[in-house]
Every structure is written in C-alpha cells, then in structure tokens.
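Visitor: I am attaching a structure below and will ask some questions about it afterwards.
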Amino acid sequence: ALGFGEAGAEVIGANMRGGHSAGVNAMVPGSKVDAITGFCHIRNFGDATEVLKEKVMVFVNQIGEIVHGCVDDFHGAPNRNIGDTFLLVWRLSGVSPERQTKLADMAILSFTRIVAEINKSRVLAVYRDHPGLLQRIPKYRVQMGFGLHCGWAIEGAIGSEFKIDASYLSPNVNVASRLEAATEQLGVWILISHFMINLCSPEFAQLCRLIDHVTVKGSKQSVRLYTIDLDCNELQVQPRKVATVIKNRFRIRQIREVRKNEKWADDYKVWEAFDTDEDLIAMRSLYSTEFFQRFAMGYRNYEAGEWMVAHDALCMCHYMQSSSGNGDSPTPTILSDDQWPVDGPTCTLLNFMKQFNYVPPNDWPGHRELTSK
C-alpha cells in the first residue's frame, strides 16, 4: 500500500477482512513475524537542523529518497521515518530458507549502496560547500550510521483513533537501534549482529569483519559485532549528464519490479557485487589482506584474554602495509595513543584494554558491556 509500507498493508488488510467499518481500528492484536530490522541515522543532524532551519525538511527527504529507493531495490520495506532516523524491514516469515539467506545478503548490500549513492549524489554534494555547516563541522559531508539485526517482532497498528502508525515492536528492533547508536563509538559506518551473519551466505559473511563481542540491552545473549569496511572518500560525485526521464509512474514501477525480480534469479549471487561493482571495488581498495589478517589475530587474542599479545598485533593494524612505516620490525611493548592505527575498531579495543593496563580481569568472559545507549 503506497504511503503505508508493508506493515501498513497488513494492518489495512486485517481491518478490511473484519468488514464492519470503513475505518481502521488500531485496537486489534498484532501478529508475530520473523524479520530483518535495520536502522539508519543521519549523523550531525542537530547541527543540520539549526543551520538549515526550514530547509532541513528538504534535506531529510533528499536522503530519504536514496535510502528508500536502495532498500526497495533489494526487496526491503521502509517502515518508519523518525526525523533523522529510518526503520527498514525485510520480512522473513513465509519465505524459504534459501530466500531468507538471499534477503540477508541483500539487506547488507542495500546499505552499502546507500553509502555509495549518498557520496556520489550531486544533490547532497551541495551541502559540502554550505558555509553554515562548514563553520560547525569542517570538511562536512552527509554521513549515516547503520545497524542490522534479525529476529522476531510484533507487526501491527500502534496508536489510537486519532493517530495510527503501522510498525514493529520487539527487543530485536531495539537491538538494531542500539547497534546503530554504537557505530560512532566504534568508528564504523555499520554494525551487524552475528545473528545476521549466521543468516547470510558463507561467501557474503566472509566479506564482513568481526570487530567486537558485547552484551547489548534487549538481547539475552552476548552479541558479536561485524562491520564491512568501506572508504567512501574514494568515490567521486556524479558528473552532470542528460538522463532519459520517464514520466509515466506505472512504467517506472514496472521497470523497478522487473529489476527487483531479476535479483531472485538463481544466477544472481549477491556477494559478486563486491567483485563487479565499481563503487564497491573503489571503497574496498584501501584495505589490504594483511590488515584483515593482523586484526583477526589481535581480536582472537583479545577475546581469549591474551591482551598483551592482542596489543602487539592490533598496533600493527594499518590499512596498507606501507602506512606502518616499519614493515615487520618488532612492536614496542606499549605504544602511546598517537602511535595507534587510525582504524576505529582497533582503537576501541586498545582503549578498552588500556583501562586495565592490558591485564584482563580474572573473570573475563570474552566480551564487554556495550556502553553506548
């Protein structure tokens, strides 16, 4: 249902089946569904609101057009728009296990496409030169944080006869929100729970980097956190070009549905985009194989409680080998903060271990409490 989203369509359908009234009754039970939930948040939104004032609505909708379009392209459904935050859902109920795996892959890929499109957009590039934004945030550019989790949720109408929202309620939805909130703390653009990674294909899971193990309020189990490393600075703003404009809305919808249905074909492998998509190749070019290997070794020792060994390995986690400046030379016993690599997850783990002088507590369980939100 246009304007109501997937959850809204279900609520309206349930009311129509009731048949006694033309109105929508919010006081009906919801239904339990399995779903992938994603939160994305516009960073520095408070500054943007104060600077842009009434034009901030245009700003949000320009970003929303990209977010909603990319999610829809990969079979997701935009659900709630909460000012600077978007809730996005991929329903898993009633879907075969094979398609659930593909939906998980597509959910993550859709977020990488959002990052690419935001950084290539000529419309959003205008804000990089806005004097008011540059005065508050040097080198400003539109940035977003993302959180992805999966699990059960209650789908239904929330509100009263005065105002109804069709949405999803669940601790799992809250976990996705908390993961997004922690992205800035860990210095990454996206955080993905291990529940999502377990749902993905093995090929796609290998593209994600395990960066932390935490307890999150709302989850009974500790959660391993993954990210996908992307450097959006490698992308150039799209040049102005004359595009063929299709004004027939039915035709536009038809083309979009054909494009979406092609993604269900057996020969469409979601992970292959990282080998064929020029934007993704460019954004991944900064990160060397050696960087991933060093971080993996450091992380394993961190979780196992071998914190001095973890320190030595993590202090060598420069994106490109040449950046370290010392090749395979021995690492000093303890490096000062300004000598640490620039990688966000690396600095987060080093900072946490530094609080304990790189000696884990006697009852170290292999994970820490996520302090953000």
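The values are calculated or read from the model by the stated rules, or taken from the named source; none is laboratory data. Everything quoted here is computed from the prediction, not taken from an experiment. We place every Cβ from the backbone using ideal geometry, glycine too, and count neighbours over all the protein chains shown. The accessibility values were calculated without ligands, DNA or RNA, using every heavy atom of the protein model including side chains. Shrake-Rupley method; radii C 1.70, N 1.55, O 1.52, S 1.80 Å.
Conditions (1) among the β-branched types (Val, Ile, Thr); (2) surrounded by 14 or more Cβ atoms within 10 Å (Cβ to Cβ); (3) more than 30 Å from residue 126 (Cβ to Cβ), marked per residue:
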residue: 174; (1), (2), (3): no, yes, yes
residue: 178; (1), (2), (3): no, yes, yes
residue: 181; (1), (2), (3): no, yes, no
residue: 230; (1), (2), (3): no, yes, no
residue: 254; (1), (2), (3): no, no, yes
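Visitor: Would you please list the contacts, defined by Cβ atoms under 6 Å and residues six or more apart or on different chains, that run from a residue in the stretch 151-168 that is in contact (Cβ under 8 Å) with a residue 60 or more places away in the chain to a residue that is of a type in the set (Lys, Arg)?
Guide: As it stands, the answer is 152/32; 154/32; 167/80, since those pairs meet every condition given.
Visitor: Please work out which residue is farthest from residue 345 (Cα to Cα), limiting yourself to the stretch 281-322 and to residues that are buried (at least 17 other Cβ atoms within 10 Å of the Cβ) and among the basic types (Lys, Arg).
Guide: Among them, the one singled out is 284.
Visitor: Can you find even one residue in the stretch 187-197 that is open to solvent by less than 60 Å² (accessible area, probe 1.4 Å) and either at pLDDT below 95 or more than 22 Å from residue 88 (Cβ to Cβ) (or both)?
Guide: For the stretch 187-197, residues open to solvent by less than 60 Å² (accessible area, probe 1.4 Å) and either at pLDDT below 95 or more than 22 Å from residue 88 (Cβ to Cβ) (or both): present.
Visitor: Turning to a different aspect of this structure: Here's a check for you: in the stretch 82-109, which residue that is more than 16 Å from the chain's Cα centre (by Cα) and in contact (Cβ under 8 Å) with a residue 12 or more places away in the chain is most open to solvent (accessible area, probe 1.4 Å)? Quick ask: steps written out before the conclusion?
Guide: Kept after step one, since they are more than 16 Å from the chain's Cα centre (by Cα), are these residues of the stretch 82-109: 82-83, 91-102.
Cutting the leftovers down to in contact (Cβ under 8 Å) with a residue 12 or more places away in the chain gives us 83, 91-93, 99-102.
Values: 83: 46, 91: 50, 92: 11, 93: 45, 99: 107, 100: 46, 101: 42, 102: 31 Å².
It comes out as 99.
Visitor: Here's a follow-up. Would you kindly identify the helices (runs of 4 or more DSSP H) lying entirely within the stretch 96-215 that contain at least 1 residues that are under 27 Å from residue 349 (Cα atoms) and touching a helix residue (DSSP H, G or I) at 6+ places or on another chain (Cβ under 7 Å)?
Guide: Helices (runs of 4 or more DSSP H) meeting the threshold: 97-120, 183-186, 194-199, 202-205.
Visitor: Sort out for me the helices (runs of 4 or more DSSP H) sitting completely within the stretch 233-303 that have 3 or more residues that are of a type in the set (D, E, K, R).
Guide: Correct list: 249-262, 278-284.
Visitor: Right, next: May I ask you to list the residues in the stretch 238-264 that are of a type in the set (A, V, I, L, M, F, W, C) and at pLDDT 90 or above?
Guide: From the stretch 238-264, those of a type in the set (A, V, I, L, M, F, W, C) are 242-243, 245-246, 250, 252, 255, 258, 264; that's our starting set.
Selection gives 264 alone.
Visitor: Can we say residue 278 is over 27 Å from residue 237 (Cα atoms) and either open to solvent by 20 Å² or more (accessible area, probe 1.4 Å) or at pLDDT below 95 (or both)? Steps first, answer last, please.
Guide: Values: over 27 Å from residue 237 (Cα atoms): no; either open to solvent by 20 Å² or more (accessible area, probe 1.4 Å) or at pLDDT below 95 (or both): yes.
No.
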